[in-house]
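*Asks:* Pasting a structure here, questions to come.
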Amino acid sequence: MVANQKYDQINNGYMEGEAFRISNSLFYLRPEDYPPTAESTPTNERSGRSTNIQTPSSSRFVSILNPADIVRRLSSLNISSLFRKEEKVKLKSKKQLKIYEAESPDEYCLVNAAKSYGFKLVSRDLSHVNVTLPTQREYPRERRLRLSVQKILKFDSNRKRMSVVLDLGDRKLLFCKGADDEILANLCQKTLEQNLQAKTIVENSKVFLKQYSRNGLRTLCMAMKFMSNEEYNRWEVQHEVIENSNIPDQDEQLSQSYRRLETNLKFLGLTAIEDRLQDGVEETISSLRKAGIQIWVLTGDKKDTAINIAKSCQLFDSQTEICACSTEEDLINLLSFPGKYNVAFSAPIVKLLENGNLTAIAAIQKASAVLCYRMTPCEKETVVKTVKKYLKGKVLAVGDGANDVPMIQSADVGIGISGQEGLQAVMASDFALARFKFLKKLLLVHGHWFYYRLANVLLYFLYKNAMFVFVLYWAQFYSGFSANGIMDP
């Protein structure tokens, strides 16, 4: 437990230089916004032993438009208590009712985490969002803030991000969250070149992104951008023309329009959320592999996160070598690898498979298990069609979200899992399951029984037809081939 806090005390939180870290999240804070850190060595109350956790520091003033104050509180849900200098406030451990509804579990996790830190989402409609700010020394009462939502830039699989534009009266404020590679690629390069501290923050954040990915956490980056009303109005006029048009490539044009606004961003921070596996996933995948079924995992996560999840769900075992391929040269080197191996493919390799590259097909045929990372819904569908075309196998696709619908529909058999991701996959599938572990019984038990019954039915039809035909044929020798009936009337 963190003790000797100068302004407030947060369980499991500590400072690393100018970075605030709590549980599975870490954010870099601007030194001008926060008081100097008071170094201390807390003591474990139960054992009396000292730990190497340093004390975090926070700002006395809280502003909803201050990026450092926002990201300092948007961290992991693995927090058991919140402490302040004046009084100790314990979070209730009782199971609370779910008061938020979100399109994805990630959004629910982030909003609920902000609520744990005092930033509560009170209500939301099409044009406004009402939030309450935590109490401070200068503000003993809870404050409510009403924000005007000007525009929502919806998420799409090509951009891999979404944004919201707030109207502040004299200017507009854009908040953007999405995949780390997309957010980092759209940061303001001029600011990074002129501001050494900002460049250092981004470079250090990349290191922690890799660290979180290796731990199997799903990472997101957040950024912001101020713009004048004139700049936004010019963009909005051009965007409305595309929205009201009936051009064939309207979705692509809308995506390009969103991209024009989501440029020159200012980096806010990053989050890492644990995407836990359901119970029985490891045993199910292990049993299916023992049954001789080759399993492919298609995920939109980055490479390190995907490999870590593949290990945790027993797709990649510890005895088999893992080979990651991103170029055609890697595939050539892979063919010379002795024995079996597990392979991880990126999007460029999927393009080679789609074009019928013999080297890629040969590499897949030798692989024990295949992992494809950074896959869009369209690329998942391409993988399924490629396997059906070149590997000549029957494909069973299992998915739980809307991004798995194209893959499910293009497979020979589609199975949808109902859960927190919604019912889109269930509505598009041939069979619906409540848990992934039921797939083991569906394939290995009911599938075996169905195969046995179907084989008996086929044998029945074979012997039945053979009996009738050979009786008619043999009777012709006794009827002089006169075609008389063999049965007495």
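The values are calculated or read from the model by the stated rules, or taken from the named source; none is laboratory data. A quick note: this is a predicted structure, and the numbers were derived from the prediction, not measured. Every residue, glycine among them, receives a Cβ derived from its backbone with ideal geometry; neighbour counts consider all protein chains shown. Side chains included, ligands, DNA and RNA excluded: accessible areas come from the protein's heavy atoms. Shrake-Rupley method; radii C 1.70, N 1.55, O 1.52, S 1.80 Å.
*Asks:* Provide the per residue accessible area, probe 1.4 Å, for region 260-351, rounded to a whole number of square angstrom. Before the final figure, lay out each step's value.
*Replies:* Values: 4490 Å² over 92 residues.
Here the residues of region 260-351 average 49 Å² of exposed surface.
*Asks:* Pop out the ³J(HN,Hα) list for region 347-361 in order, Karplus 6.51 cos²θ - 1.76 cosθ + 1.60 with θ = phi - 60°, rounded to Hz; leave Gly and Pro as x.
*Replies:* In residue order, the calculated couplings are 4, x, 5, 5, 5, 5, 5, 4, 7, x, 5, 5, 5, 5, 5 Hz.
*Asks:* Computing the accessible area with a 1.4 Å probe over protein heavy atoms, can you report the carbon and sulfur percentage for region 196-286? Don't skip to the answer; put the middle values down first.
*Replies:* Numbers: 2290 of 4870 Å².
Its accessible area is 47 percent carbon and sulfur atoms.
*Asks:* Could you give the length gained on full extension between residue 427 and residue 279, defined as 0.36 nm per residue of separation minus the Cα-Cα distance, in nm?
*Replies:* Details: separation 148, 0.36 × 148 = 53.28 nm, distance 2.33 nm.
Stretched fully, the residue 427-residue 279 segment lengthens by 50.9 nm.
*Asks:* Under the Kirkwood approximation applied to all pairs of distinct alpha-carbon atoms, what is the hydrodynamic radius of region 417-489 in Å? Intermediate results must be reported in sequence, preceding the final value.
*Replies:* Working: mean 1/r = 0.0593 Å⁻¹.
One decimal place: 16.9 Å for the Kirkwood radius.
*Asks:* What is the percent carbon and sulfur in the accessible area of region 335-479, measuring with a 1.4 Å probe over the protein chains and ignoring ligands? Don't jump to the answer; show the numbers that get you there.
*Replies:* Values: 5570 of 8550 Å².
Heavy-atom surface of region 335-479 belonging to carbon and sulfur, 1.4 Å probe: 65 percent.
*Asks:* Let me ask another. May I ask for the Kirkwood hydrodynamic radius of region 202-302, worked out over all distinct Cα pairs and given in angstroms to one decimal?
*Replies:* Details: mean 1/r = 0.0552 Å⁻¹.
Kirkwood hydrodynamic radius for region 202-302: 18.1 Å.
*Asks:* Do you know the Lys pair count in region 104-202 for C-alpha distances under 28 Å, with sequence separation 8 or more or different chains?
*Replies:* So the count works out to 26.
*Asks:* Now, a different point. Remind me, what semi-axes does region 272-399 give for its equivalent ellipsoid, largest first in whole Å, using sqrt of 5 times each Cα gyration tensor eigenvalue?
*Replies:* Working: eigenvalues 92, 54, 48 Å².
Value: 21, 16, 16 Å, ordered largest first.
*Asks:* Could I ask something else about it? Can you tell me the dipole magnitude for region 343-489 around its Cα centre, using point charges on the Cβ only (Lys, Arg +1; Asp, Glu -1), in Debye to the nearest 20? Working shown, then result.
*Replies:* On the way: 15 positive and 9 negative charges, 89 e Å.
Magnitude of the dipole: close to 420 debye.
*Asks:* For region 98-169, report the accessible area per residue in Å² (1.4 Å probe, heavy atoms, rounded to an integer). Kindly include the intermediate steps, with their values, before the conclusion.
*Replies:* Details: 4170 Å² over 72 residues.
Result: 58 Å² per residue.
*Asks:* Enumerate the amide H contacts of residue 419 below 5 Å, restricted to partners 5 or more residues apart or on another chain; note that Pro and chain-start residues carry no placed amide H.
*Replies:* none
*Asks:* Ok, one more. Provide the net charge surrounding residue 429, with neighbours chosen by a C-beta distance below 15 Å and charges set as Lys +1, Arg +1, Asp -1, Glu -1.
*Replies:* Combined, the nearby Lys, Arg, Asp and Glu give -4.
*Asks:* Would you mind listing how long region 153-201 runs along its three principal axes, going by Cα atoms, in whole Å with the largest first?
*Replies:* Principal-axis extents of the Cα atoms in region 153-201, largest first: 32, 32, 14 Å.
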